[in-house]
Structure formats: structure tokens, C-alpha cells
């Protein structure tokens, strides 16, 4: 099919049913695929929060917990119930991207944007996980649409709706507040939009966002601003700041990996070296404003400590539209770029397909390899671990086996409850143990995470009670030696998927709570 025939097809009304069917087909596949993987630690944690709803939580707003609350009340405490709205939100985000691109450019650009989103690994694989990201990206996209409409209207309605979308996104992820900075940058950058600062509408939007933020403000006030302290810690801003070239290279490499290398290169060129005609100059300026603040912020943080790859996810909403919208101008300037379109989609598609099924990689090498008597096997294992080579889907494997083993030990020793040394394992235990009992984290004597705020085992169980402790390191937390009379190691085993060992865990019997 020639370029002209492809363009003409994307312009036809008949393209819309085709893309609608594509979204439906992908969504149905994701509903099925979501049930094939176990929960990751963060999903289980948000599920646990959904059983203890509050105005906010230690590290996040209530958005993910409330969403999971509705999902599990519809479909029970199951993987499908937890992930149901993640899949729906990813479909809605795809539709939002289509309308944003068509509103700013054309239907042809909208179709290409949707294709890029479907093939981009970060969006394709992350679309089934019910973390804060599906909510954050969805509300970021919706706010981007309504703010553009707000700048084109005289009424205040779209300004209020935009504020609501930013506020709802913030309830899932504080990062969504940066979108307000993006809007302000656009209004400063565009001479036609500077008038917005003189109108009350812009400030009505800010007040609307503030109204949505009250639950988290009140919660943080009551908990001495612990959520803000945590944010500073996550960005490593509570330590001395220094420039570390390896960290920024790690960040950029991770971005290229999760976006796909050619897509990432195309987005970077489109944002920082834009080529556009005067007809779409305003749209390009708007999209660059939506991209630059968040990406530059995390790039600056990464000069000291590399940011997580998914932290920049919302800004790629604009990046994808900008890439598709400026593609023809880029191709005219660099004709050779046309040859890389197919390559870019093929590479992204391979990444996405492989990330949906990674068993063939056999990564990471089983920990038993490092204990092998064969020196060659030991060196291979050590090299893989030093390089940080892991199977990205192993986060979704093994939780069932951990919980089953802990339950068997509990039955054998007659214990009353379960403890772990971290919030993720504690949450996974609760989800996969029979009856979904409350579980606990070690009492660290300080606020370490949300489990430190919830009532601990001292308040929930009588003196003399016994428990099973599941932990990842060779020795149990030293803080717990004051909580129990004895803590003998009773077992150690690997979490497994099928017959494949994944990660070693230790099990101690916590005798006689003191």
C-alpha cells in the first residue's frame, strides 16, 4: 500500500469502525491476559488499601484504592476484579488520545497516534496493571482535551471540568499537578493565550483543583506531612545532591527501553527539534508544553538518581500526538526517515509481544545457579546479576506459592497471623492466603509505609500469640526480636512458577508475642 493510499484510508469515515473494532479487540484480549498474571506487589498493596479506605495514604492519594474498591465489589477479591478498571481506563485513554490528536491535527494523525499507543511497550503492557498509572494517564489525557477546549470557549464550564480532571488525577498520583504548570507554560508561550491570566476562568480551574486536594491536605496535616516527606525521599531530595552521569544515562536508557528506541528518538526530535507548518504551530506549542515540564523535571532529578521509567508516562500522551502530527514535516526534512517507520513499528511490536510472554528468556537465572559447584555456571550467574538482568514479568509470578507455603506452615505450627518485612509481600500474602486475612509488617519503630500507620499486631492480637514471618533476607528484622520470645527459622524455599524457582524466601516461627 502506497503512502497516499494509507493517508486516504485514514481520512475516510470507514477508518473509524476499523479502529473502533481494533480497540474492542485489544481490550477483550487485555481482559483475558490480565487474568493470566498474578498481582504485583503494588497492585496487592492498593487492593489492601481498598479494604481500609481513607482520605489519603502514606505514599499516594486514594484514587487507586477507591477504583479497586469498586472493581472488587463488582467481581470479588479476584485478579479480574482488581484489574477490571485498569483495562477499561487504558481503552478510554486510547479513545482520548484519538480525539486529542484529531482535535489538534486531523483524523489521519489521530489514527497514527492510536497505532503508536497500541504498539508502545510502556502503554501496552502497563495497561493491565491496576496501579496509579492508568488513572494518572487517563485523567492527564482528559484534562489535555478539555483545557484546549477551554481556551477556545468564552464560558467557564470547560475550565471547571479541566480542574476536576487534574484534581482526580492528583488523587491517584501527585505528578498530575504538574499539568497545571504545563497549562501555564502554554499560556505564557502563546501570545494568543496570555490573556487567560487576566481572566477569572484560569483561577477557577486552580480553585477546582484545590477543592479536590483537600482530602490529601487534611490527611497530611493530621499525619505531620509524612506524604510530602516520602515524596522528597523518593526523589532522593532528602540527601546531598550531586551530578552522576551514570544515573542520567540509566534514566534515558530506561526511557528508550519502555517507549521503544525508535519511538523515543522520534518523540525527542518532535519535542526538542520540531518541524511544523504554520497551520499547526499552536497545536505543536501546546503539546510541547504538555511534555517538556514533566520530562525535564525527571531528567534533572536523574542527574542525581535515575527516576523510575514509568514516572514520565503522562508526558508521552503529548509525545505520541506530537510525533504523529509532525511526522510528515519531519519526513520532508529527512527523507531517509520514511524508511524507519516500518522498522520502528516492528521493533516496538516485538518488544510488546515478547513482554507479554517472557518464559523463553529464562530470566533471571535461578538463584540455585549461584550455588552451583560448576565455576562456569557461577560466573554466568554472577554476571547476569551484576548487570541487573531480570525477567520483567517475574514481578507477576510466585506470590501464590509464597502464600501457600506460609499457610501450610501456619497450619503445621498453629499460628494466628502473618508478618512480612515489607509492604508488598505483606499485601500479596493477604490477597493470596485463604480468606484474605489481615497481614502485618514488622514493627520498625518508625513510619516506614502505610502498614506503619495501620494498627499493628500488638493492637490486634493478645500477648502470647504466635505468627509466621515471611522475609527476603537471611535474618529477620532486628526490631522484631523485642516483640517475640523466640523467632527460630523453620524453613527457606523459593517462590515458584510451575517448576521454575524465582526468589528465595525465609520463614520464621514468631513465638509468644510480648
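Quick check: Cα centre of the stretch 15-31 to Cα centre of the stretch 286-365, how many Å?
So the two Cα centres are separated by 22 Å.
Under a plain spin-label model, where a point goes 7 Å from the Cα along Cα-to-Cβ, how far apart in nm are residue 340 and residue 300?
About 2.9 nm, to one decimal.
Between residue 156 and residue 444, what FRET efficiency follows from the Cβ-Cβ distance if R0 is 51 Å, with the result rounded to 0.05?
0.55
For the stretch 391-433, what is one quarter of the convex hull surface built on the Cα atoms, given in nm²?
3.2 nm²
Compute the whole-percent fraction of alpha carbon pairs in the stretch 397-513 spaced more than 22 Å apart.
Here the tail beyond 22 Å accounts for 26 percent of pairs.
Over the stretch 397-513, what relative contact order in percent results from Cα pairs under 8 Å that are six or more residues apart?
So the answer I get is 29 percent.
Under 8 Å for C-alpha pairs, at least 6 residues apart: give me the relative contact order for the chain, rounded to a whole percent.
Worked out over the chain, it gives 15 percent.
Say each of residue 189 and residue 460 gets a label point 7 Å from the Cα, pointing the same way as Cα to Cβ; how far apart are those two points in nm?
Label-label distance for residue 189 and residue 460, simple model: 4.8 nm.
For residue 25 and residue 279, compute 0.36 nm times the residue count separating them, minus their Cα-Cα distance, and round to one decimal in nm.
Full-extension gain reported as 87.9 nm.
Note down the nm distance, to one decimal, between modelled labels 7 Å out along Cα→Cβ at residue 228 and at residue 204.
Result: 3.0 nm between the two label points.
May I ask you to compute the full-extension gain from residue 36 to residue 512, defined as 0.36 nm times their residue separation minus their alpha-carbon distance, rounded to one decimal in nm?
Answer, rounded to one decimal: 167.4 nm.
Nearest 5 percent is fine: what portion of the DSSP beta bridges confined to the chain is antiparallel?
The antiparallel fraction comes to roughly 70 percent.
Can you bin the stretch 56-178 into rounded, prolate or oblate? Criterion: square roots of the alpha carbon gyration tensor eigenvalues sorted a ≥ b ≥ c, rounded for a/c under 1.5, prolate for a/b above b/c, oblate for the rest.
Oblate, since a/c reaches 1.5 and b/c is not below a/b.
We did not get these values from a lab; they are worked out from the coordinates using the rules stated. All figures in this text were calculated on a predicted structure; none of them were measured in a lab. Glycine also receives a Cβ, built like all others from the backbone with ideal geometry; neighbour counts cover every protein chain displayed.
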